[in-house]
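Before any comments, here is the structure.
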Amino acid sequence: MMREGAPKTIYRKDYKAPDFLIDSVELAFDIFDGRTRVASKLTIQRNGKNHAPLVLDGESLEIVSLVINGRALSADEYRYANGKLTIENVPDQVCFEADVDIVPEENTSLEGLYRSRTMYCTQCEAEGYRKITFGLDRPDVLSTYTVSLTADKDTCPVLLSNGNEVSRSTADNNRHTVVWHDPHPKPSYLFAIVAGDLELVSDTFKTISGKTVDLRIWVEAKDIGYCEHAMTSLKASMRWDEERYGLEYDLDLFNIVAVDDFNMGAMENKSLNIFNTSCVLAHPDITTDLGYQRVESVVAHEYFHNFSGNRVTCRDWFQLSLKEGFTVYRDAEFSADMNSRGVKRF
């Protein structure tokens, strides 16, 4: 007998296409110390001819309000239990809106949105997005995202998300807002935000078609002098991907955030790569030759995911080895070309 709460075995043969798809996602984060309000607006359509209820993923969310096609739902019109929000008898086209409260300061799972010392950060691969707000948290549902971030200007002067920056504004109460839009549909595991007090190292890259891309590496003030090699590696990666695969970067901006407390080595969130500093910082006084090669390889790997993993992504998590294996091959080929092919271990 399987004990209650034990992990459930999932089989690839049991894959089922989603009953609904989400065309677009609008998110508004209102960040305060001890509470963050997340307002979401999802444009949803039924996937094919089925009569299934709308079931959305969501864990540890405090529901403030739920709205379907402009009408607020009463408590008896939905069920929220065991990480699933279920709404019966929805039409084929749905505008779903939700206001939820979360507490990143108490999120010790380091999945979803959490606070690490003075910075707010996300980690959504594989199923962390559901700890931020309701959605279809699976890799075969791709949506465009527009994200508004509002926070205190002193504690969170830097507000980042995926895509291109659309606008920024300030309010009288020392708060400010930055809006981001990612025009390329992506699964929820590639969603990311960062909010905190960080310093900027910037450069530019001219693509093969002549477009200028702003390159930005964000670090804590103490690390500002250790980013030159990572920036050089990023530019080399972008040029190599153009020359080897004909892949030109597809946005106006590329952000890297590197902090001590990120819980993974690095994560390829679309246009907002988040790194542990061990994979970014390098300086002749503290870094070995192997350390320089590691930074070069990891920066390249996460950049190469922009196409092999982001623009072309997984159907399900059984295909993780496809996106990771191919991208590992790509970064190994890059490292061989940048250094010595004869001694590069594949």
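Taken together, the residues in segment 215-248 that are more than 27 Å from residue 289 (Cβ to Cβ) and touching a helix residue (DSSP H, G or I) at 6+ places or on another chain (Cβ under 6 Å) amount to 2. Answer yes or no as to whether residue 248 is open to solvent by 40 Å² or more (accessible area, probe 1.4 Å) and under 21 Å from residue 181 (Cα atoms). Yes; evaluated as a whole, the condition is true for this residue.
Report whether or not residue 23 is outside any strand (DSSP E or B), acidic (Asp, Glu) and either open to solvent by 70 Å² or more (accessible area, probe 1.4 Å) or at negative phi (or both).
Values: outside any strand (DSSP E or B): no; acidic (Asp, Glu): yes; either open to solvent by 70 Å² or more (accessible area, probe 1.4 Å) or at negative phi (or both): yes.
Considered against the rule, which asks whether it is outside any strand (DSSP E or B), acidic (Asp, Glu) and either open to solvent by 70 Å² or more (accessible area, probe 1.4 Å) or at negative phi (or both), residue 23 comes out as no.
The set of residues in segment 109-132 that are free of Cβ contacts under 8 Å to residues at least 60 places away in the same chain and either assigned to a strand (DSSP E or B) or touching a Ser or Thr at 6+ places or on another chain (Cβ under 7 Å) (or both) comprises 112, 114, 115. Taking the criterion of being under 30 Å from the mean Cα position of the chain (by Cα) and farther than 20 Å from residue 52 by Cβ, the residues of segment 69-85 that qualify are 70, 72. Looking at segment 114-132, which of the residues that are of a type in the set (S, T, N, Q) and open to solvent by less than 10 Å² (accessible area, probe 1.4 Å) is nearest to residue 266 (Cα to Cα)? That would be 123. The residue pairs whose first member lies in segment 225-252 and is aliphatic (A, V, I, L, M), whose second member is modelled with pLDDT of 95 or more and assigned to a loop (DSSP other than H, G, I, E, B), and whose beta carbons are closer than 7 Å, counting only pairs six or more residues apart or on different chains, are 230/280; 230/282; 238/249; 247/307; 251/163; 251/271.
Quick one: which of 8, 16 is within 21 Å of residue 314 (Cβ to Cβ), among the basic types (Lys, Arg), modelled with pLDDT under 95 and open to solvent by 40 Å² or more (accessible area, probe 1.4 Å)?
Values: 16 fails: modelled with pLDDT under 95.
Answer to the selection: 8.
Inspect all residues belonging to segment 48-58 and state whether any of them is closer than 16 Å to residue 103 by Cα and open to solvent by 10 Å² or more (accessible area, probe 1.4 Å). Taking every residue of segment 48-58 in turn, none turns out to be closer than 16 Å to residue 103 by Cα and open to solvent by 10 Å² or more (accessible area, probe 1.4 Å).
Would you mind stating whether residue 48 is among the small types (Gly, Ala, Ser) and touching a strand residue (DSSP E or B) at 6+ places or on another chain (Cβ under 9 Å)?
Considered against the rule, which asks whether it is among the small types (Gly, Ala, Ser) and touching a strand residue (DSSP E or B) at 6+ places or on another chain (Cβ under 9 Å), residue 48 comes out as no.
Give me a count of the residues in segment 280-313 that are within 30 Å of residue 18 (Cβ to Cβ), open to solvent by 10 Å² or more (accessible area, probe 1.4 Å) and not in a helix (DSSP H, G or I). It would help to see each step written out before you state the result.
Just the residues of segment 280-313 that are within 30 Å of residue 18 (Cβ to Cβ), to begin with: 301-313.
Going one step further and asking which of them are open to solvent by 10 Å² or more (accessible area, probe 1.4 Å), we end up with 301-302, 307-308, 311-313.
Filter once more, keeping what is not in a helix (DSSP H, G or I): 307-308, 311-313.
Counting residues in segment 280-313 that are within 30 Å of residue 18 (Cβ to Cβ), open to solvent by 10 Å² or more (accessible area, probe 1.4 Å) and not in a helix (DSSP H, G or I) gives 5.
Name the single residue that is nearest to residue 124 (Cα to Cα) among those in segment 260-274 being in a strand (DSSP E or B) and either of a type in the set (A, V, I, L, M) or open to solvent by 40 Å² or more (accessible area, probe 1.4 Å) (or both). Don't jump to the end; show me each part of the working.
We begin by selecting, within segment 260-274, every residue in a strand (DSSP E or B); these are 266-267, 272-274.
Within this subset, residues satisfying the condition of being either of a type in the set (A, V, I, L, M) or open to solvent by 40 Å² or more (accessible area, probe 1.4 Å) (or both) are 266-267, 272, 274.
Numbers: 266: 12, 267: 9, 272: 13, 274: 11 Å.
The residue in question is 267.
β-branched (Val, Ile, Thr), open to solvent by less than 60 Å² (accessible area, probe 1.4 Å), more than 24 Å from residue 48 (Cβ to Cβ) and in contact with a Leu (Cβ under 6 Å, 6 or more places away or on another chain): does that describe residue 102? No. Residue 284 meets the conditions (1) under 30 Å from residue 12 (Cα atoms); (2) without any contact (Cβ under 8 Å) to a residue 24 or more places away in the chain; (3) not β-branched (Val, Ile, Thr) in every case but one. The failed one is (1).
The values are calculated or read from the model by the stated rules, or taken from the named source; none is laboratory data. Nothing here was measured: the structure is a model prediction, and the numbers come from that model. Cβ coordinates were reconstructed from backbone atoms using ideal geometry, including for glycine residues, and neighbour counts include every protein chain displayed. Note: areas computed on protein heavy atoms with side chains; ligands, DNA, RNA excluded. Shrake-Rupley method; radii C 1.70, N 1.55, O 1.52, S 1.80 Å.
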